[in-house]
Amino acid sequence: MEKYMHNRFFSFQNLWIVLVLVASSAKAQYSEIFEKYKDKYPEASVVLLNQESNLFINVTNGIFDITQQNIQENLYLNEFATQRSQESISFSSFYELGAIEASSFNYDNNKYREEKVSTFTQKDELGEFFYDDIKSVNFIYSNLKKGSRSQLKYSQKIKNPRLLTPFYFGDFSPIAQNKFSITTDPSVNLKFKQFNTEGVKIDFTKQEKRGKIIYTWELKDVNAFDYESRSSTHRNVLPHIIPFIASYEVNGNTVPVLNETKDLYNWYYSMIKEVVHEPATPELVELTNSLIEGKENDLEKVKAIYYWTQLNIKYIAFEYALGGFIPRGANEVFEKKYGDCKDNSSILYKMLEIAGLKGHLTWIGTRKIPYSYEEVPTPVVDNHMILSYFDGEAIYYLDATGRNIPITFPTSFIQGKEALIAIDDKNYRIAKVPIIPAEKNFIKDITKLKIEGQLLTGSARAEFAGYAKIDYLYAMEGLNTKSKRDNFYNDIFEKGNNKFIAQNISEINREEYDQNLIITYNFSIGDYFKQFGDEIFINLNLNKYISQHRTDPKRKREIEVDYKNSYVFETELQIPDGYEIEFLPKSQNFENNYIKATIDYEQLDGKILYKHSVICDYLILDLDQQKEVNKLINDVEKAYKEVVTLTRSK
């Protein structure tokens, strides 16, 4: 027995030793740095151990030599690492790529072992509707897996001193170490604008060393920023800095570069002045004259030219070298029948000139770019070109890259944005594009209902205006079969439940830019109302559109919509013969600063008249505003449950 106990103790001891060794071995397969960041960021897939950019600006006899050296080191915290093996670096004629070094590091026997990338492949980045001179160098990190690290080092030569790029201190992954530095000649006057850095502890230093001035920004341990769909641009969230060269000294003279908006405008105008003076071909003159023939006033002439351009000049983006800034001549655009935003503006400009009218080439940033010209007078502030037309005090913003856009509407993605409008070689104007009121972007549905046997049947007239009409027409473009169109109609017009079937659909004013789209149709809805004995119960809230504006209460960021909008639903129910109203819900109003809604009931001449209106008067809602909107939606949804009761007449 003693021997047995001794042997059993020995076995347990050996087992314990084996388990300890196995546990130690399992833990040892990952490095200390992995364990540190896996504990710190358990939900993260990757941590940026180091994100560093060092910018060097030298000027010799007024000639700039600008290079940027970039370093990024990643640590991979789960099996997602295999999906991060492929990497690419983009470059163009403005950002010439220099030397590249890339390595992966895998932990083995308590140390990281380096595997250098040896194969780099270059390719053009061309899309079906976007052509530019951007190329990419592509490569693959070897054997990336959980616990691996990667390191990338590369340099870029920035060919134009106006094209310095922002540096972001945050990312959608955690960052352990951020560093951005600029080393420049003392003759260079730099400016910096910081965004979203309130409450962020960035260490900034400025020092002179060996005849250079060195600016350095450092930030450590930055948590990941959450990405959520329908959020506004990352530029509104991530802390970042935008550097730009205001001026430089040469031979005792100060030469402006981008000190103020005027400097940016002067550079922009230098690239369009030759294009605007190009004489039009006889063919373009003949077309323009045919378009404006018989038009009663100047605005009608502008409309004719603008709508023709939308229909006939296909949008294809070109960004090749300075082609990203210089429009092609109107004659070339007319001949090829395609062009980018600058080219569309160029042909509009020339056709208006032929008609004896004055258009103004205009630079503008979309809503994804939140900066003003005053705070950031650099090309970072805009990414689009349109044509402005002055009609007295009114300004029309003509963007022919869109389709179905009436002249009274800007494209939705430039609402509220500053427009830099060219007047002549010395003068410009900054104007703000209006935000279109919700009441002009509406869907109005007028429905007549009957109870026929077990079906609810009816006819409807739907009217689409503003951006709602434009969205409808865009959605219809890809529907090239009857079944696709039928599914679309049943989805967009659905009332009551999924047994809704639309028939006999007719469209009016589909091709008319300045008139609302009218759609008429008949329909039936099965299993919608309930009948028990002498009573019929029917809910007239057939369209619960307001519910689509609810946001997730767990959401962490603001939410952005394309445009303000409104809905009106008017429903007329014919009271069946032999029935009368037993219960009619009360009318109700709901309102806060962002949404207004009404539900009204009325009895009139053997009918029940129901009206539901919703006005969504916002483009962006922050978290507190989302809570207010959700509360109002909850109240409206309670009202949606109200049911009309009909009973047999006595």
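The values are calculated or read from the model by the stated rules, or taken from the named source; none is laboratory data. The structure presented is a predicted model; accordingly, all values stated were derived computationally and were not measured. Please note: Cβ atoms are built from the backbone with ideal geometry, for glycine as well, and neighbour counts cover all protein chains shown.
Yes/no matrix, rows are residues, columns are (1) assigned to a loop (DSSP other than H, G, I, E, B); (2) in contact with a Phe, Trp or Tyr (Cβ under 8 Å, 6 or more places away or on another chain); (3) surrounded by 15 or more Cβ atoms within 10 Å (Cβ to Cβ):
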site: TYR513; (1), (2), (3): yes, yes, yes
site: SER524; (1), (2), (3): no, yes, yes
site: ILE536; (1), (2), (3): no, yes, yes
site: ASN543; (1), (2), (3): yes, yes, yes
site: THR551; (1), (2), (3): yes, no, yes
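Spot the failing condition for SER587; the list is (1) among the polar types (S, T, N, Q); (2) touching a residue at least 12 places away in the same chain (Cβ under 8 Å); (3) closer than 16 Å to ASP445 by Cβ, and only one is missed.
(3)
Just the residues that are surrounded by fewer than 18 Cβ atoms within 10 Å (Cβ to Cβ), in contact with a Lys or Arg (Cβ under 6 Å, 6 or more places away or on another chain) and either assigned to a strand (DSSP E or B) or not assigned by TED's automatic domain parsing to the domain that holds PHE139 (or both), please, taken from the range 53-90.
Of everything in the range 53-90, those that are surrounded by fewer than 18 Cβ atoms within 10 Å (Cβ to Cβ), in contact with a Lys or Arg (Cβ under 6 Å, 6 or more places away or on another chain) and either assigned to a strand (DSSP E or B) or not assigned by TED's automatic domain parsing to the domain that holds PHE139 (or both) turn out to be THR67, ILE71.
Could you tell me whether any residue of the range 620-643 is in the same structural domain as LEU540 (by TED's automatic domain parsing), modelled with pLDDT of 95 or more, over 25 Å from GLY466 (Cα atoms) and of a type in the set (Phe, Trp, Tyr)?
The answer is yes; a qualifying residue exists.
Can GLU101 be described as surrounded by fewer than 14 Cβ atoms within 10 Å (Cβ to Cβ) and at pLDDT 90 or above?
The answer is yes for GLU101.
In a loop (DSSP other than H, G, I, E, B) and of a type in the set (A, V, I, L, M, F, W, C) - does that describe any residue in the range 273-280?
So far as the range 273-280 goes, yes, one or more of its residues are in a loop (DSSP other than H, G, I, E, B) and of a type in the set (A, V, I, L, M, F, W, C).
Collect the residues in the range 132-155 that are under 28 Å from the mean Cα position of the chain (by Cα) and under 18 Å from THR121 (Cα atoms), keeping them in residue-number order.
Passing the criteria: ASP133, ILE134, LYS135, SER136, VAL137, ASN138.
Can you name the number of the only condition in (1) hydrophobic (A, V, I, L, M, F, W, C); (2) in contact (Cβ under 8 Å) with a residue 60 or more places away in the chain; (3) within 30 Å of ALA475 (Cα to Cα) that VAL333 fails?
(2)
From the list LYS116, LYS153, which one is exposed (fewer than 14 other Cβ atoms within 10 Å of the Cβ) and modelled with pLDDT of 95 or more?
LYS116
Can you tell me which of LYS146, LYS201 is basic (Lys, Arg), surrounded by 16 or more Cβ atoms within 10 Å (Cβ to Cβ) and in a loop (DSSP other than H, G, I, E, B)?
LYS146
Among the numbered conditions (1) under 27 Å from the mean Cα position of the chain (by Cα); (2) free of Cβ contacts under 8 Å to residues at least 60 places away in the same chain, tell me where LYS482 comes up short.
(1)
Checking ILE615 against (1) within 26 Å of ILE414 (Cβ to Cβ); (2) outside any strand (DSSP E or B), which test does it fail?
Here ILE615 clears every test but (2).
Test ASN490 against the stated conditions and say whether it is free of Cβ contacts under 8 Å to residues at least 60 places away in the same chain and closer than 25 Å to TYR640 by Cβ.
yes
Give me a count of the residues in the range 432-465 that are in contact (Cβ under 8 Å) with a residue 60 or more places away in the chain, of a type outside the set (A, V, I, L, M, F, W, C) and over 14 Å from VAL568 (Cβ atoms).
Of the residues in the range 432-465, 7 are in contact (Cβ under 8 Å) with a residue 60 or more places away in the chain, of a type outside the set (A, V, I, L, M, F, W, C) and over 14 Å from VAL568 (Cβ atoms).
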